[in-house]
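Working notes for the structure below.
Only the coordinates and a few stated rules stand behind these numbers; no lab work does. If you're wondering where the values come from, they're calculated on a predicted model, not measured in any experiment. Positions of Cβ are generated from backbone atoms using ideal geometry, with glycine treated the same way; all protein chains shown enter the neighbour counts.
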Amino acid sequence: MSSKNNVLRLRPKSASRKQRKDAARGPALEALTKFRWIINSTRRHFKWIEQQTGISGALVAALWEIHQSPGLRVSDLAEAMAVHQSTASNLMDKLQQKGLIERDRSSDDQRVVRLYLTKQGDALVKRAPNPARGLLQEALNKLPPATLQTLNRGLAQLMQELNQADPQPFRRSLGD
């Protein structure tokens with residue numbers, strides 16, 4: 001009670017520092033849980049693909065891209081898979097060793113390599129579980145453009161917070 005006029009004055013109780021911190025952490029923890037769910041789902045899907053086909057999910061995704069666009073160049077494959085060109089080349093080395101693809105340098109420019117499935121590669125990609133290119137990529141392709149723009153803006157902010165704004169070091173398939 002206040003001594004002036006014996007009036008009871010109630011101050012609105014302000015949120016404590018801990019309460020404000022906890023309130024901010026709630027959405028962050030929710031986002032973290034969702035990231036973990038997405039990453040784990042993607043990994044489980046690629047592991048399931050590997051169990052069904054005998055090769056990694058990243059290799060099946062590469063086969064799928066070549067199946068969709070026979071004669072694809074390695075640089076085009078890298079772009080389609082959102083991986084670095086050297087990563088795509090390494091995937092092609094593995095696929096060629098397994099007899100699943102052929103590389104063709106029949107153009108005038110011998111630096112240009114075109115990729116084709118062998119009969120064995122075609123049979124494998126046709127029996128691979130769907131989505132063969134990967135769960136996450138398929139899900140992202142189904143989102144409306146406005147949702148993708150919002151997601152990309154939010155992820156760019158998160159990357160800034162991680163001090164990793166350059167995505168180059170991360171252009172590796174989740175299936176590896």
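Can you run phi through the Karplus equation (6.51, -1.76, 1.60; θ = phi - 60°) for region 151-157 and list ³J(HN,Hα) in whole Hz, with x for Gly and Pro?
Result, rounded to whole Hz: 4, 5, 5, x, 5, 5, 5.
Which length gain, in nm to one decimal place, applies between Asn152 and Leu32 when the Cα-Cα distance is subtracted from 0.36 nm times their residue separation?
41.6 nm
If you plug each phi of region 80-86 into the Karplus form 6.51 cos²θ - 1.76 cosθ + 1.60 with θ = phi - 60°, what whole-Hz ³J(HN,Hα) values come out, in order, with x for Gly and Pro?
Listing the rounded values in order: 5, 9, 6, 10, 5, 4, 5 Hz.
As an exercise, use a Förster radius of 25 Å and the Cβ-Cβ distance of Arg111 and Gln68 to find the FRET efficiency, rounded to the nearest 0.05.
After rounding, the FRET efficiency stands at 0.60.
How large is ³J(HN,Hα), in whole Hz, for each residue of region 112-128 in order, when computed from phi with the Karplus curve 6.51 cos²θ - 1.76 cosθ + 1.60 and θ = phi - 60°, using x for Gly and Pro?
So the Karplus estimates, Gly and Pro as x, are 7, 10, 9, 10, 9, 7, 7, 4, 5, x, 5, 5, 5, 5, 6, 9, 5 Hz.
Name the long-range amide H neighbours of Thr118: under 5 Å, sequence gap of 5 or more, or other chain; modelled H, no Pro or chain starts.
Residues meeting the criterion, in which the H sits 1.01 Å from N, are Ile101, Glu102.
As a test of the definition: which semi-axes, in Å, follow for region 53-176 when you take the square root of five times each eigenvalue of its alpha carbon gyration tensor? Largest first, please.
Working through the eigenvalues yields semi-axes of 28, 17, 13 Å.
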